[in-house]
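See below for the structure under consideration.
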Amino acid sequence: MDVLIAHRGEVPRKGLVTALKGRGYDLREVGDGNAALDFLLGAEGPRIALVDWDLPGIDGPELCRLVRDFHLEDPPYVILLAAGAHHAEVALGLESGANDCVRTPVAGDELRARLEMGRRLVEVPWGRAPADEVGRGESGDAAPPAGGRDLLRAFVDADSLSADDPLGGGPVRLDALLGDRWQTA
C-alpha cells in the first residue's frame with residue numbers, strides 16, 4: 001500500500017521512513033505541500049498520507065481541506081502530524097478534514113498502529129457492495145452498487161431490525177434509531 005510522507009524537515013521525514021520501513025508500505029516522500037497535493041490528487045495517489053502541520057507552500061490543515069474539497073472517490077486516509085500541539089490544535093486538524101491528528105513526537109509503535117487502522121479503513125469498500133453482491137436491474141444491466149443503509153439491511157434481519165446495544169442496554173431497534181432514514185434510499 002502506498003503511503004505518502006509529507007514533512008518539511010528531511011531528518012524527521014527520514015525518521016518516519018525508518019520507523020515504517022519493512023512494514024509492507026511503499027513509501028513516498030515530499031518536503032512541501034504543493035508536491036503533497038500533486039501526489040494526493042494524482043491518478044495513482046497514495047491511500048494513506050502522513051502530513052506535517054507546518055508544510056511550506058500549502059500547510060497541513062489547508063492540504064486536508066483541499067483534498068476533502070475534491071471529493072475523491074477513494075480519498076486517502078490522512079494523519080496530520082502536529083508538533084507539540086494542544087488539544088485545540090488537534091481538534092482544528094480534525095475539523096480541517098484529517099482522519100487523524102497526532103501530536104509529535106510520536107512513538108513508533110503508536111504511529112504504526114495508527115497506520116494499520118488507516119489501512120483497515122481504506123481497504124473497506126465503503127458505499128459499495130462486493131462485486132459478487134451487485135445485482136442486475138430489470139434491463140439486465142448491472143444495478144448500481146449498494147451502500148450505506150443497503151449494506152446495513154443486508155446484514156440485519158429485516159423482520160426484527162434489532163441488534164444488541166453495544167453499551168449493554170439490551171436490544172435496540174435499528175429502525176427506531178434511524179427513523180425515516182431507514183426507509184429512504
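The table below lists the values:
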| read-out | value |
| --- | --- |
| Filter result (in contact (Cβ under 8 Å) with a residue 40 or more places away in the chain and surrounded by 16 or more Cβ atoms within 10 Å (Cβ to Cβ)) within the stretch 69-85 | PRO76, TYR77, LEU81 |
| Residue in the stretch 13-21 that is in a strand (DSSP E or B) and basic (Lys, Arg) present | no |
| Test for LEU111: is it modelled with pLDDT of 85 or more, outside any loop (DSSP other than H, G, I, E, B) and either touching a Phe, Trp or Tyr at 6+ places or on another chain (Cβ under 7 Å) or within 19 Å of TYR25 (Cβ to Cβ) (or both) | yes |
| Test: residue in the stretch 52-59 that is over 19 Å from the mean Cα position of the chain (by Cα) and exposed (fewer than 13 other Cβ atoms within 10 Å of the Cβ) | yes |
| Residue in the stretch 96-112 that is touching a residue at least 12 places away in the same chain (Cβ under 8 Å), out of contact with any strand residue (DSSP E or B) (no Cβ under 9 Å at 6 or more places or on another chain) and surrounded by fewer than 18 Cβ atoms within 10 Å (Cβ to Cβ) present | yes |
| Residue in the stretch 114-122 that is hydrophobic (A, V, I, L, M, F, W, C), farther than 30 Å from GLY15 by Cβ and modelled with pLDDT of 50 or more present | no |
| Flag if GLY108 is farther than 23 Å from GLY45 by Cβ and not aromatic (Phe, Trp, Tyr) | yes |
| Residue in the stretch 54-71 that is over 20 Å from GLY93 (Cα atoms), in a loop (DSSP other than H, G, I, E, B) and of a type outside the set (Gly, Ala, Ser) present | no |
| Residue among GLU29, GLU44 that alone is farther than 20 Å from GLY93 by Cβ and assigned to a strand (DSSP E or B) | GLU29 |
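The values are calculated or read from the model by the stated rules, or taken from the named source; none is laboratory data. Computed from a predicted structure; not experimentally measured. With ideal geometry, Cβ positions are generated from the backbone for all residues, glycine too; neighbour counts draw on all protein chains shown.
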